[in-house]
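Accompanying notes for the structure given below.
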Amino acid sequence: MPRVTFVEINGALREVDVAPGSTVLEAAKAHDLPLAGTCGGSMVCATCHVMIEAEDRAKLPPPSEDEENTLDLAFGVTADSRLGCQIKLTDAMHGIRIRLTSTMHQA
Ligand code: FES
């Protein structure tokens, strides 16, 4: 079971065990972390915007073109930006840090 660390907007760290195969969005909701995910993973809202730093990004598959297009709706997008609903957590991702962001977006 992968263990990941969520970094809340105020900098607080929450280390949680997640069910393998669950998405970052599902893991956040399971642990009452503030990640909106308004569209439920349909890639139309970008309110599941999270940041994953480069050293951890190497453990993730790259974003699809659709994910990148939806990220364009998010506020404050950087090279670290990903959609939490599109990242399935596996044992290979054990130890990654997932930084929560403001759920404001431009749509
Ligand atoms: Fe809407 Fe991820 S939950 S894009």
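No value in this document is a laboratory result; all are computed from the given coordinates. All of these numbers come straight from a predicted model, not from anything done at the bench. Note: ideal-geometry Cβ built from the backbone for every residue, glycine included; neighbour counts use all protein chains shown.
For the reader, a short list of remarks on this structure follows.
- Dividing the radius of gyration of the alpha carbons in the chain by their Kirkwood radius gives 0.92 for Rg/Rh.
- Other residues whose C-beta falls under 11 angstrom from the C-beta of residue 48 contribute a net charge of 0, scoring Lys and Arg +1 and Asp and Glu -1.
- By other beta-carbon atoms within 10 Å, ranking 57, 82 with the fewest at the front produces 57, 82.
- Within the range 1-40, backbone nitrogen closer than 20 Å to the virtual label 7 Å beyond the Cα of residue 55 toward Cβ: 2-8, 11-16
- Each of 51, 1 was scored by other Cβ atoms within 10 Å of its Cβ. Listed from fewest to most, they are 1, 51.
- Taking every DSSP bridge with both residues inside the chain, close to 80 percent are antiparallel.
- Sorted by Cβ neighbour density within 10 Å, fewest at the top, the residues 49, 94: 94, 49
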